[in-house]
Amino acid sequence: VSTQSTGVQCAGDLRAAILSLKFHCCGTLPSSATDRGKRRRVPRKKKEGGGEEGSVMETEQGAVPQEKEKEEEAVVVVSAGEEDRPNKDVIVVGKKGKNGTVPTCESPVKNPIGPGYNKYWSQRYRLFSLFDEGIKLDQESWHSVTPERIAEHISYRLGCDVAVDGFCGAGGNAIQLAMTCHRVIAVDIDPVKIELARNNATVYGVEDRIEFIVGDFLKIAPSLRADVVFLSPPWGGPEYLREDVYSLSNLTPDCDKMMAAARQVSENIALFLPRNVSVDEVIELVEPGKKVEVEQNFLNRRV
C-alpha cells in the first residue's frame, strides 16, 4: 500500500483528522506473492504441410489447447488465492469465443452472490485474505467492506488503546483495528451486520478484543469514550463513482451531525471517504486554526 498525504490548516475542534480516500475494488490482479496464479504462452505448433494448429495456454494444471478460429484470446488465472492453498478455483477473464465458451483448465467456481457481482467475487481474497476460513458477507457488504491491505494501513495509523468504529458493517476495519488497538468498540445499526462482523472477527481470532454494539452511533456516541473514532459511513452503493465529484451531502447520516457525535467521543477522528470526494468540503469540516490530513491510499497502482 502506498499513500500520499497533505496537511492543511483548517477547520473544527479536532486536534487531528485523518481522511482516507476509498480504493475502488477493481483493476488488475496483484503481482506479488499472493498472485492468483501464473501463466505463460506456448508457441503454436506447425502442422505438417504448413499452417498453425492454434495456440496453447500452459498453466500450473497443464497445457490447454485453444482453437485459433473459434476462440478469442482469454486470460486464464489459476488458483484464486494464496499459492499454498490447494484446490482453488479458476477464474476466467476475457471475451467469449464463437461457440460461447472460453477454454479453461477446469470448471470455474460460480459467483454465489448474484448478477453483477462477478468482479467482487473474483477479488474476495483482497477483501479478506482468510475468506475460505469461514468469512460471511451479505450482498451490501461485498461493495462496502474495506480491502484488507487498506484496512491494515488505517489500523497502523490509528493504533491506540481504545478505538471506536462507528459504522463497522461486516467488520473489515474493526478486525484490523483490533490488531493494533487494545480494545475496539464496533457499532452498527443493523443487527445482521453485527453478526457478520462477530463471525469474521472469530475467523481472525480477535473477537475477544472487540465489543459489538447494535445501535445508532449518533445516539450512543455520548456514552462512549475512546482515543480515536473511525467512521466509514454508507456512501450510497457503487453508484458514487458515476459522479465526477462526490459531495458529503450524499452521506448517510448527515455529515455534520455525524462529526458532532464523534467529537463527543474523541477529538481524534478518521473518516473513510470515496476517492472522488470534494476535498474542499472535507477541509470545511474543521474550524480555522485546526488541522486536517487528507490521505490517498493506492493499491495495485489505483487510488
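Derivation of every value follows stated rules applied to the coordinates shown; laboratory data play no part. These figures come from a predicted structure and were not determined experimentally. Positions of Cβ are backbone-derived with ideal geometry, glycine not excepted, and every protein chain shown enters the neighbour counts.
Under a point spin-label approximation (7 Å from Cα along Cα-to-Cβ), what is the R209-E243 distance to one decimal in nm?
Between R209 and E243, the simple spin-label model gives 3.5 nm.
With a point put 7 Å past each Cα toward its Cβ, work out how far H182 is from E287 in nm, to one decimal.
Here the modelled spin labels are 3.1 nm apart.
How high is the FRET efficiency from N111 to D254, r the C-beta distance, R0 35 Å, rounded to 0.05?
E(calc), rounded to 0.05, equals 0.50.
If packing is taken as the average count of other Cβ atoms within 10 Å, what order do 110-116, 198-204 fall into, highest mean first?
On the way: 110-116: 10.7, 198-204: 19.7.
For the peptides 110-116, 198-204, the packing ranking is 198-204, 110-116.
Could you sort the peptides 170-177, 207-214 by per-residue average Cβ neighbour count (10 Å cutoff), highest mean leading?
Most protected by this proxy first, the peptides run 170-177, 207-214.
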